[in-house]
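Please read the structure below before turning to the comments.
The values are calculated or read from the model by the stated rules, or taken from the named source; none is laboratory data. Only a predicted model underlies this, so the values are computations on that prediction, with no experimental measurement involved. Virtual Cβ from ideal backbone geometry, glycine too; neighbours counted across all protein chains shown.
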Amino acid sequence: MLADLGERSSDIALQCSETAGFLGELNRRIQGDSSRLSNLQSNMDMLVASQSESVAAAQELSLTARRAGHIIADGHDVIGLSLGEVAGLVEHVTGLEGHLRRFLKVIEAVGDISEDLGAIARQTRLLGVNAAIEAARGGAATQGFAVVADEIRRLAGQAGESAASVGDKLGQLDRDARALIGGVEANIVRGRDVGTHIDRLRLSMAEIASLVTQFGERSDAIVTCTDAADGDVSALRQGLFLFSRSSSESAARVDVAREQVEGLEGMANAMLNSAAHGPQKTRNSKYIALAEEGAEEIGALIEAAVAEGRISLSDLFDTGYRRIDGSEPAQYLNGFTHFADATLQPLLDRHTAQDGAIIGCCLIDMNGYLPTHVSARSQPQRPGAHDWNMEHARNRQIFMDAQTRRALDEEGDFFLFTYRQDLGEGRYRALRSVFVPLVFAGRRWGLYEVGYLI
């Protein structure tokens, strides 16, 4: 009956180990989700702040649009008046061409008159010359007529000079008038272009006014949408808060359940270990015997090596673990590592091969450090392959769980426990393990472990 109780305790302990592993993984995932949820809440807080800024910006945008609409409307009227005045000025400038051309015709007419006056002056001068000649022929009797003839010549000369001067000034006036007409014609062309630009400007102003109106309408729509989004964001934030609180409570409950299951696992393991120390044989007796034989052989080999000076006690008990660069998960070296690989690993391989149910044999020091392991679990690490390394490169790593810690701390010739072998990333394997204490020079070094599945 005691043996049957031990077996049942073993089954319960295994089931507790598996359940605790599942709960631990569930709790780890919940904690991870809670962490991500916390980050999401932080992002949500930033989103709320941004949303508040967006609402304020949208309201300011709508207000600005209304102000712009009023300014554009007022400016449109002012610009319309200004453009009308400019258009009138352009029309006035273009009308100057006709006046200037009429003025040019008047100048031409006056020039013709000036030429006629010059011709009259020349004829009068000839007349004066002829009169002087006739007066000279008449002698004293025509002396008075000679004086009149001289006066006629003098007046004719003055009239000719005046006519010539008027002609010169009229010529200069004609040239200036024609140059002015040329400039006016160029300005007329520019005025017509300005008129075209004014028409385009009027169209542009009308389009701007239309765009401002549309901008105002869109701004009002944005304000409406941001107000609605603000309410949705607030509701989402509240929902995230409630979900986060629920997740935290769930994680706490799962953790409590895990602790309770681990407590039950501990009690079942205590019953299993007690049954294993009884006189009756069980399915575990074979593996207990193999573990004790292996521990005795390993212990004798190490003691002989210490006695022969092949390894010192300081190297054997070295806890100055030196991390191997680039290892992931972390692997370490100490003074015992190379001796263990070279001398003890072949024994571990041989002991593991004694029974097909044995998963592996290994050494564990008081801190959970495995200086070596069986060859199948001592493969070189693969870069970036964390999960593979966790399972196939277990040597030189540090592992610690509740049952291993219990076996390290308690006194006894051996311990039979079930426990969860950590395979990394929340993966576990429930094993039965026999732990046999190793003592050298009167000092507890650690454990020899045989893990098996039955």
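When only residues in the stretch 195-209 that are in contact with a Leu (Cβ under 8 Å, 6 or more places away or on another chain) and not basic (Lys, Arg) count, which is nearest to HIS70 (Cα to Cα)?
Only one residue fits best here, namely LEU201.
Hand me the list of helices (runs of 4 or more DSSP H) wholly inside the stretch 263-356 holding 3 or more residues that are of a type in the set (A, V, I, L, M).
285-308
Can you tell me how many residues within the stretch 279-305 are surrounded by 13 or more Cβ atoms within 10 Å (Cβ to Cβ), farther than 19 Å from ILE364 by Cβ and in contact (Cβ under 8 Å) with a residue 60 or more places away in the chain?
Residues that pass the stated criteria total 4.
Can you name every residue in the stretch 357-377 that is buried (at least 16 other Cβ atoms within 10 Å of the Cβ) and polar (S, T, N, Q)?
Across the stretch 357-377, the qualifying residue is only THR372.
From the list GLY446, GLY451, which one is small (Gly, Ala, Ser), outside any loop (DSSP other than H, G, I, E, B), touching a Ser or Thr at 6+ places or on another chain (Cβ under 8 Å) and under 19 Å from ASP365 (Cα atoms)?
Step by step, each of GLY446, GLY451 is checked, and only GLY451 is small (Gly, Ala, Ser), outside any loop (DSSP other than H, G, I, E, B), touching a Ser or Thr at 6+ places or on another chain (Cβ under 8 Å) and under 19 Å from ASP365 (Cα atoms).
Across the stretch 333-355, what is the number of residues that are farther than 14 Å from GLU449 by Cβ and among the β-branched types (Val, Ile, Thr)?
Going through the stretch 333-355 one residue at a time, the tally reaches 2.
Being modelled with pLDDT of 70 or more and either outside the structural domain of ARG67 (by TED's automatic domain parsing) or of a type in the set (Asp, Glu) (or both) is the requirement here; does GLU207 meet it?
yes
Out of the stretch 331-361, which residues are of a type in the set (A, V, I, L, M, F, W, C), touching a strand residue (DSSP E or B) at 6+ places or on another chain (Cβ under 8 Å) and farther than 27 Å from SER314 by Cα?
ALA357, ILE358, ILE359, listed by residue number.
Taking into account only those residues within the stretch 203-222 that are within 16 Å of LEU63 (Cα to Cα) and among the polar types (S, T, N, Q), which is surrounded by the most Cβ atoms within 10 Å (Cβ to Cβ)?
Within the stretch 203-222, the match that is surrounded by the most Cβ atoms within 10 Å (Cβ to Cβ) is SER219.
Among the residues of the stretch 378-417, what is the count of those that are crowded, with 20+ Cβ neighbours inside 10 Å and of a type in the set (Lys, Arg)?
2
Out of the residues in the stretch 210-231 that are within 21 Å of ALA68 (Cα to Cα), of a type in the set (Gly, Ala, Ser) and at pLDDT 75 or above, state the one that is farthest from the chain's Cα centre (by Cα).
Per the stated criteria, the residue is SER210.
If you scan the stretch 386-419, which residues turn out to be part of a helix (DSSP H, G or I) and of a type in the set (A, V, I, L, M)?
The answer is MET390, ALA402, ALA407, LEU408.
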